[in-house]
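One structure below.
The values are calculated or read from the model by the stated rules, or taken from the named source; none is laboratory data. Remember, predicted model here, so these are calculated numbers, not experimental data. As a convention, Cβ positions derive from the backbone with ideal geometry for all residues, glycine included, and neighbour counts pool all protein chains shown. Please note that ligands, DNA and RNA were not included when accessible areas were found on the heavy atoms of the full protein model with its side chains. Shrake-Rupley method; radii C 1.70, N 1.55, O 1.52, S 1.80 Å.
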Amino acid sequence: MKMGSEKEREKERKMFVGVVWNCAAELKYLLTALLFLCSLVTILQFLPARFTFSASDLRPCISTPTAPTTTLTSTAAAISLVEDKNTTTATTNTTINNSLDSSPPPVRFPPPPPSVKRDEVLENGIIKRAFNPIGSAAYNFILMSAYRGGPNTFAIMGLSSKPLHVFGKPSYQCQWVPNNARAEDDPEELQNQEPILTTGQKILPDWGYGRVYTVVVVNCTFSSPVGGGNAGGKLLLHATTNGGGDTNFNSTDTIEALSETNEDLQHFNEVFNSKPKYDYLYCGSSLYGNLSPQRVREWLAYHIRLLGEKSHFVIHDAGGVHEGVMEVLRPWMEKGYVTLHDIRDQERFDGYYHNQFLVVNDCLHRYRFLAKWMFFFDVDEFVYVPKKSTVKSVLDSLSDYTQFTIEQMPMSNKLCLAEDSGKSYRKWGFEKLVYKDVKRGIRRDRKYAVQPRNVFATGVHMSQNTVGKTTHKTEGRIMYYHYHGTIAERREPCRQMVNTSYLTVDGTPYALDTYMREVAGFVKRFELKVIGSTLQRTRQ
């Protein structure tokens, strides 16, 4: 049995060797292929990322032998069908589109750089250094708007490079270019239809607060009325640098500031010669940030009630009118009390405080002949007059002045009465913030109102470009409560509850002032009467 088993094992060994020997050629091919694949994988690890292959890239190499033939046949068929102008089928279009979609996008190279001046050695041995200006640091002029101010005068609002105006002497010329006259025009009018030029008077109203850009108001006053003859015309502004920025160049940019039709002129004349549509118009500064819809709601309802039916509010959205604030504005817009301007594009240009000086000057000239008085203050400030007075009586007493300023009364933005504990969230902001800062000897910012027909340019706290008198002696007649910072807080403002009429917090004395608390109920009822309950669920 032992001898038999040894013979069987010997026989199996010879059989295995025989099989291996007979398949030696196939094994060589297999080992060679494995060695090649391993080498290929090793090389791919050292190639750049753009030469990386995925499994899908290698799939055609290990798929059935008919796959390459099919791809070539399809491509050849597509090419032949394109060349044959008489054969156009859906299959052909699909093949061509697929081949175009799979082609890599064309490589776009940047434009060649400008020629560069090189340093050179002069005959006397001096090395003359070269300077190569490239690009532009700031625009010469950024037009926002232009408005007619009378038969022969216009105002143009824009931004310009601040260094250009601080260190240079740019100048402006205004040109009126009439449109083509018509045969039926009055001959006496036609003689005034030649283009005319005048020197533009620039006003810089932002008190040097500008950043990269400063605000420029250009007044264009021609020697005689322009725009007659039933043809209309264009106002051009020629902005000249006068060597500012580069003394080798005196560049002039021409801007079409205004295009006016005969219908536009007729509409202006109607407004210009009529009684103002509004008694009071509010020009708001730029609104930005995550504003509280509830605070905006309170501010609008209070001031619309205060200023009355013949008032209007112009709001400027620099990013602060999100959906919650828009829901507050919408019912008042539908009632005709509010106009909203989207000015978010001005954020491209780095000016002071979201370009608010530019915005208020645009508002001044846009609505100049539509209002008897124009107010300038912020949405965390509440104007008030004493109980025995009205806004009309106070402003009638100031009618001899072009401008008056308004005294500020700063309020605490966190102190509330202890009796409101647990229910303060149901009260409005100006209803529960009742402690006034009474620290003496501090110069506080003032806000103001103007009769806009007598104002050429304006600012944030007052105008310095008026015709007529200005008074600051308005104490006791008209003031404003300032709830600083509350408009940008989306939370309950009461953070310290107190039960006293006088206290000092962090070195600042505060006194109880309940005037605004007392009028809150009247304001709420007014809102409910005018726009209904649509804003009852407004959130902080």
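Applying the set (1) open to solvent by less than 10 Å² (accessible area, probe 1.4 Å); (2) part of a loop (DSSP other than H, G, I, E, B) to Y480 leaves exactly one unmet item: (2).
Please verify whether V271 is over 30 Å from F526 (Cα atoms) and either touching a residue at least 12 places away in the same chain (Cβ under 8 Å) or in a loop (DSSP other than H, G, I, E, B) (or both), treating the condition exactly as stated. Yes: the conditions hold for V271. Taking segment 106-190 and the strands (runs of 3 or more DSSP E) fully enclosed by it, the elements with 2 or more residues that are open to solvent by 20 Å² or more (accessible area, probe 1.4 Å), modelled with pLDDT of 90 or more and closer than 30 Å to N219 by Cα are at 142-148, 171-178.
Yes or no: segment 420-429 includes at least one residue that is free of Cβ contacts under 8 Å to residues at least 24 places away in the same chain and under 36 Å from the mean Cα position of the chain (by Cα). Let's see the steps before the verdict.
In the first step, residues of segment 420-429 are kept if they are free of Cβ contacts under 8 Å to residues at least 24 places away in the same chain; the result is 422-423, 426.
Adding the requirement that they be under 36 Å from the mean Cα position of the chain (by Cα) leaves 426.
Within segment 420-429, one or more residues are free of Cβ contacts under 8 Å to residues at least 24 places away in the same chain and under 36 Å from the mean Cα position of the chain (by Cα).
Out of everything in segment 498-518 that is in contact with a helix residue (DSSP H, G or I) (Cβ under 8 Å, 6 or more places away or on another chain) and open to solvent by less than 70 Å² (accessible area, probe 1.4 Å), what residue ends up being farthest from M409 (Cα to Cα)? Result: V498. Of all positions in segment 340-360, none carries a residue that is farther than 27 Å from V212 by Cβ, surrounded by fewer than 17 Cβ atoms within 10 Å (Cβ to Cβ), at pLDDT 95 or above and not small (G, A, S). Has segment 285-300 got any residue that is modelled with pLDDT under 95 and more than 23 Å from the chain's Cα centre (by Cα)? Looking through segment 285-300, none of the residues is modelled with pLDDT under 95 and more than 23 Å from the chain's Cα centre (by Cα). Looking only at segment 212-230, filter to residues that are open to solvent by less than 20 Å² (accessible area, probe 1.4 Å) and assigned to a loop (DSSP other than H, G, I, E, B); which one of those is modelled with the lowest pLDDT? Once the filter is applied, the top-ranked residue is G229. Of all residues in segment 343-360, those satisfying the criterion of being in a helix (DSSP H, G or I), among the hydrophobic types (A, V, I, L, M, F, W, C) and within 12 Å of L159 (Cα to Cα) are F357, L358, V359. Taking the criterion of being in contact with a His (Cβ under 9 Å, 6 or more places away or on another chain), surrounded by fewer than 21 Cβ atoms within 10 Å (Cβ to Cβ) and of a type in the set (K, R), would at least one residue in segment 450-471 satisfy it? No; the residues of segment 450-471 include none that is in contact with a His (Cβ under 9 Å, 6 or more places away or on another chain), surrounded by fewer than 21 Cβ atoms within 10 Å (Cβ to Cβ) and of a type in the set (K, R).
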